[in-house]
Amino acid sequence: MRDIPHLLFICLLTLGTPIVLAQQYAFNSEEETIEGWYHSHEIQTWTTKGGDIDVIMEVRDKVERSLGAKRFPELVDTQIEFGPGNWSYE
């Protein structure tokens, strides 16, 4: 019961804290950071680990062309609904 004032203070303190996107603090190479995308593109890493470059590019194109509602409309890979065009689905 006596922790309630502490919790209230923490809640009030965090109300003014801005929310940032993950890439704002990511340390990605120039190749990995793509304007208009939330996720980085680690193509070199993916191919080094056995990824097929043609498949990688096909998935990237599907995500970019998706028409689903976006969590952040300015970022192409933030489709909300799970399905074709969603980063996790592809």
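The values are calculated or read from the model by the stated rules, or taken from the named source; none is laboratory data. Small disclaimer: the values here were computed from a predicted structure and weren't measured. Here the Cβ is made from the backbone with ideal geometry for all residues, glycine too, and neighbour counts use every protein chain on show.
For segment 11-39, filtering for residues that are surrounded by 12 or more Cβ atoms within 10 Å (Cβ to Cβ) and modelled with pLDDT of 80 or more leaves 3.
Within segment 40-71, the set of residues being outside any helix (DSSP H, G or I) and either surrounded by 12 or more Cβ atoms within 10 Å (Cβ to Cβ) or touching a Leu at 6+ places or on another chain (Cβ under 7 Å) (or both) comprises SER40, HIS41, GLU42, GLY51, SER66, GLY68, LYS70. Which of the residues spanning segment 63-74 are without any contact (Cβ under 8 Å) to a residue 40 or more places away in the chain and not charged (D, E, K, R)? VAL63, SER66, LEU67, GLY68, ALA69, PRO73 - these are the residues of segment 63-74 that are without any contact (Cβ under 8 Å) to a residue 40 or more places away in the chain and not charged (D, E, K, R).
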